[in-house]
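For reference, the structure is listed below as structure tokens.
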Ligand SMILES: [Zn+2]
Ligand SMILES: [Zn+2]
């Protein structure tokens, strides 16, 4: 299926406009003219989760297979296919930023723009890797390549809910009893009174209430779920209404984790807070929770796009994946270790110990 391409062009010279994270403006890649993006005037409100689920259910009855997406670059006129979930990228032939419409049932509501630009992201990444001397040289070389980091807007779900949880459990209160104990003093048996702790368990039940705002869940499968969630938190007080002006020049993707699937993940994220509330409600010195039934009320959701610099690096037949939160600078990923470097370091340390011992014995 062919989709018409959108490319933002400079009014002055007709060059491509890209979003510039350091200035927060549109910038012409050719003549460098900056164009301001007007700040949003209206607040972004959440949608009702259950109403949308009903609507989606109806829609899925008529769902057909997702079409292969293609578009034609406005600049060089080349036609090309887009990866299934991407809706923004650069033309593979002339590098012009190209965007098409979103085709998933739920379109993005809001966006957090890139704050950290490519140069800054690369520098942060270099320092992060450099803080590990054991990283292999190949990794440092890879960082020097300009294509190492890719700027991607990833989809996230943002949920709000008020929960009511009914629980049953037990409260444990510590008390002390005096017991007589035989002890040995100076080789002689003696009877002594000591205090021993005991726990008195009593039945407990009740209801706890909690409110959750802006629980974000990564909705992409491009990078691992733990990475996508680990680069949170996102500062959702800086949401802008969805606008291609923030996207031009970057890649962007639609969600592949469904709305309902995402909420199940959100439940896991909020579960520890509910558990803590139950423990506080039971009180006492110890708590046991036997059962807890949670009702999720007033569920609201937003479909967000969040800015991430990603890199993947293949070394020793293993792929290492990195993600940098382009709003806060938080970096997640596994650091590769060069075992040769580690081996030399260990041998070196052993030599030093050996020399010290040799001279130590000589005295
Ligand atoms: Zn221009
Ligand atoms: Zn092109």
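Pick from 74, 85: which is out of contact with any helix residue (DSSP H, G or I) (no Cβ under 9 Å at 6 or more places or on another chain) and within 16 Å of ligand 1 (Cβ to nearest atom)? Full working, then the answer.
Details: 85 fails: within 16 Å of ligand 1 (Cβ to nearest atom).
Of 74, 85, the one residue that is out of contact with any helix residue (DSSP H, G or I) (no Cβ under 9 Å at 6 or more places or on another chain) and within 16 Å of ligand 1 (Cβ to nearest atom) is 74.
When the criteria are applied in full, residue 75 fails the requirement of being away from ligand 2 (no atom under 16 Å from the Cβ), more than 21 Å from the chain's Cα centre (by Cα) and more than 30 Å from residue 48 (Cβ to Cβ). Looking only at the stretch 26-46, decide whether some residue is in contact (Cβ under 8 Å) with a residue 40 or more places away in the chain, part of a strand (DSSP E or B), surrounded by 14 or more Cβ atoms within 10 Å (Cβ to Cβ) and away from ligand 1 (no atom under 16 Å from the Cβ). No, the stretch 26-46 has no match at all.
Restricting attention to the stretch 242-274, the residues that are under 16 Å from the mean Cα position of the chain (by Cα) and assigned to a strand (DSSP E or B) add up to 2. Considering 5, 110, the condition of being within 15 Å of ligand 2 (Cβ to nearest atom) and buried (at least 16 other Cβ atoms within 10 Å of the Cβ) is satisfied by 5 alone. Taking the conditions exactly as written (in contact with a strand residue (DSSP E or B) (Cβ under 9 Å, 6 or more places away or on another chain) and within 16 Å of ligand 2 (Cβ to nearest atom)), does residue 91 satisfy them or not? Taking the combined requirement at face value, the residue satisfies it. The set of residues from the stretch 94-103 being buried (at least 17 other Cβ atoms within 10 Å of the Cβ), part of a loop (DSSP other than H, G, I, E, B) and either more than 9 Å from ligand 2 (Cβ to nearest atom) or modelled with pLDDT under 95 (or both) comprises 100, 102. Of the numbered criteria (1) at pLDDT below 95; (2) touching a strand residue (DSSP E or B) at 6+ places or on another chain (Cβ under 9 Å), the one residue 238 fails is (2). For the stretch 61-73, the count of residues that are loosely packed, with under 15 Cβ neighbours inside 10 Å and more than 29 Å from residue 223 (Cα to Cα) is at least one. Test residue 61 against the stated conditions and say whether it is within 16 Å of ligand 1 (Cβ to nearest atom), at pLDDT below 95 and more than 22 Å from the chain's Cα centre (by Cα). No: the conditions fail for residue 61.
For the stretch 78-88, the criterion of being surrounded by 13 or more Cβ atoms within 10 Å (Cβ to Cβ), under 25 Å from residue 235 (Cβ atoms) and within 16 Å of ligand 2 (Cβ to nearest atom) is met by at least one residue.
The values are calculated or read from the model by the stated rules, or taken from the named source; none is laboratory data. Quantities reported herein were computed from a predicted structural model and do not represent experimental measurements. Here the Cβ is made from the backbone with ideal geometry for all residues, glycine too, and neighbour counts use every protein chain on show.
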